[in-house]
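A short write-up of the structure that comes next.
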Amino acid sequence: MRIVVDRARCSGIGICESLDPSHFEIGDDGALMLLSDIAAEDDDTVLEAVRSCPALALSVQPE
Ligand code: SF4
């Protein structure tokens, strides 16, 4: 699946990074960087990070 970021919603709080640092990283400029936008369908870690975004800025789509 592909991870999608709505950058208009993302406020750089970094909860996603704390839950899944293999996919999400907050840069020095405070902007979210996707280290990889691809994840396995059964990757519960990335799904937890997506669900936990308080700004609803994250979603996943089938590849
Ligand atoms: S948790 Fe949501 S608002 Fe916070 S940095 Fe990640 S995507 Fe952006």
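All of the numbers you see were taken from the coordinates with simple rules; none came from a lab. Please read all numbers here as calculations on a predicted model, not as lab measurements. When we count neighbours, we look across all protein chains shown, and the Cβ atoms used for this are built from the backbone with ideal geometry, even at glycine.
So the values come out like this:
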| read-out | value |
| --- | --- |
| Magnitude of the charge dipole, the chain, Cβ model with Lys/Arg +1 and Asp/Glu -1, debye to 20 | 320 debye |
| Summed residue charge, Cβ within 14 Å of residue 44's Cβ, Lys/Arg positive, Asp/Glu negative | -4 |
| Gain upon complete extension [residue 15, residue 28; 0.36 nm per residue less C-alpha separation] | 3.1 nm |
